[in-house]
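The next block holds one structure in the form of structure tokens; read it before the comments.
The values are calculated or read from the model by the stated rules, or taken from the named source; none is laboratory data. From a predicted model like this one, the values you see are computed outputs, not experimental measurements. Please note: Cβ atoms are built from the backbone with ideal geometry, for glycine as well, and neighbour counts cover all protein chains shown. Side chains included, ligands, DNA and RNA excluded: accessible areas come from the protein's heavy atoms. Shrake-Rupley method; radii C 1.70, N 1.55, O 1.52, S 1.80 Å.
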2 protein chains.
Amino acid sequence: MDETEARRRVASASVARLASVRPDGAPHVVAITFAMEGDSIWFAVDHKRKRTPALQRLANIEAEPRVSLLVDEYGDDWSALWWVRVDGVGRVRADPEGIARAALLLATKYEQYRDRPPQGPAVEVTSLRWTGWSA
Amino acid sequence: MDETEARRRVASASVARLASVRPDGAPHVVAITFAMEGDSIWFAVDHKRKRTPALQRLANIEAEPRVSLLVDEYGDDWSALWWVRVDGVGRVRADPEGIARAALLLATKYEQYRDRPPQGPAVEVTSLRWTGWSA
């Protein structure tokens, strides 16, 4: 799969799985909603899916900015499987511009955010490297 | 979500996302098929989804055995979202017993493996710690 196709599939996906590394060196994985803009991928702390407001993923990225994102489609027909992995460098954006940028991008992509955009810190992932495979 | 319910949801899921840590300390994430048996989760190198036969995930686990697995369900109805994360310790099982055990468990769970069970090295994940959330 070439990079153009990999980007297209990621841009049109609704969910990604984000791997980061905990300060103690263990891996950590969560499901995220996200939005692409140019050569950045954004996600943000929102109201759903959290056990605690102090998020492990933000602490991880503050300590180790490298992240790995997977977008894939699983189904019983294994001849239709595909995945795209995006490796990059995350930066926590707790500044008002970063929070507002992420909120706008996410509310544009997800109807569910229109009435309740994410208000927490955002993460901007840059230096994207694309790897993709399809059956 | 209690541990019994988390185990039930993982056992009945067809796909998980596996985060591990590369030897250089960066995170890595892939989609895997897997099977549970008692307090172990097994996965194995099979014929699908690979770019190269020398798998990054095995090299990672040899160097850093801690792994994090996510099983989740995403959909447009955010009131129905849930996820289970299983953190554990992986061990590459390239021994004949390990390969055969994984092949049997996976072929029992997945019809797609019956004619072509995984023949590559397996990974057994133990010391499982369960974390779950549902909306």
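See the values below:
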item	result
Helix axis angle, B:96-109 relative to chain B longest principal axis, alpha carbon, degrees	40 degrees
Per-residue mean of C-beta atoms belonging to partner chains within 10 Å, peptide A:66-78	5
Model label zone, A:GLU73; criterion: amide N under 14 Å from point 7 Å along Cα-to-beta-carbon; scope the range A:110-135	A:133-135
Accessible area in the full protein assembly, largest first, 1.4 Å probe, for A:SER134, B:SER127	B:SER127, A:SER134
Estimated dipole of the range B:21-103 in Debye, rounded to 20 [Cβ of Lys and Arg +1, of Asp and Glu -1, Cα centre]	420 debye
For the range B:15-28, 3J(HN,Hα) per residue [Karplus equation, 6.51 cos²θ - 1.76 cosθ + 1.60, θ = phi - 60°, Hz, x = Gly/Pro]	9, 9, 10, 10, 9, 9, 10, 5, x, 7, x, 7, x, 9
Accessible area buried, both sides summed, chains B and A with 1.4 Å probe, Å²	3600 Å²
Cβ-based charge dipole, chain B, positive-most Cα from B:ALA6, B:GLY132, B:ALA63	B:ALA63
Top positive-direction residue, dipole computed over the range B:85-135 with Cβ charges, set B:GLY120, B:VAL89, B:TYR110	B:VAL89
Long-range amide H partners of B:ARG22 with built H, under 5 Å	B:HIS28
Choice from B:ASP72, B:ASP95, B:ASP115 with maximal GNM fluctuation in chain B (Cα, 10 Å cutoff)	B:ASP115
Residue with peak Gaussian network fluctuation, chain A [Cα springs, cutoff 10 Å], from A:SER12, A:SER68, A:SER20	A:SER12
For chain A: accessible area per residue (Å², 1.4 Å)	45 Å²
Dipole in debye (nearest 20) - the range B:66-105, about Cα centre, beta carbon charges: Lys, Arg +1; Asp, Glu -1	380 debye
Amide N of the range A:82-112 lying under 17 Å from the label point, which is placed 7 angstrom from the Cα of A:GLU5 along Cα→Cβ	A:82-86
Per-residue ³J(HN,Hα) for the range B:37-43, Karplus 6.51 cos²θ - 1.76 cosθ + 1.60, θ = phi - 60°, Hz, x for Gly and Pro	8, x, 9, 10, 10, 10, 9
Note, ³J(HN,Hα) from phi for the range A:112-119, Karplus 6.51, -1.76, 1.60, rounded to Hz, x at Gly and Pro	5, 8, 4, 8, 8, x, x, 10
